[in-house]
Amino acid sequence: MKRRNKVSAEFSMSSLTDIIFLLLIFFMLTSSMVQINIELPESDSKTVAPTDMTVMLLENGSVTFNGKKAKMSSLKSSVQKEVRKQSNKENATVTIVAEQNVHWTKIHEVMKIAASLGLKAIIATQPRK
């Protein structure tokens, strides 16, 4: 009598799920530690607006779009790409986070970009002290 040995072609997923869970925890913890502290202009407004897209203008002239460095010249194309990804395109909003001493012409440029794409633009402020 001949004995048949069957080779099992199975893969254990338990170790892979452990690794993915640990990576998830790592990225959740490290992303919450990253904070940007800038001085925003003060306002009496109490309205909380949605933040679909965020453009940050710093006093030193640097620009970030949704947390990634950007150039003012390529900002319009970046916003267009992001709008295409959105499911709620007609209510898309660009939030402008500008430091207190950023010149108003830079803010106006971002507002013109939003207006040319048919988007709402709001300026983030902090409450008066």
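Values quoted throughout were computed directly from the atomic coordinates according to the rules given, and no laboratory measurement underlies them. What you see is a predicted model, and the numbers here were worked out from it, not measured in a lab. Neighbour counts are summed over all protein chains in view; Cβ atoms, including those assigned to glycine, are modelled from backbone coordinates with ideal geometry.
Only counting other Cβ atoms within 10 Å, I'd like Phe26, Phe65 sorted with the fewest neighbours first. Each step should come with its number before you reach the end.
Numbers: Phe26 10, Phe65 20.
Ranking Phe26, Phe65 by Cβ neighbours within 10 Å, fewest first, gives Phe26, Phe65.
Order by neighbour count: Glu90, Glu109, fewest other Cβ atoms within 10 Å first, most last.
Starting with the residue having the fewest Cβ neighbours, the order is Glu90, Glu109.
Could you tally the net charge around Met111, taking each other residue with its Cβ under 15 Å from the Cβ of Met111, Lys/Arg +1 and Asp/Glu -1?
+3
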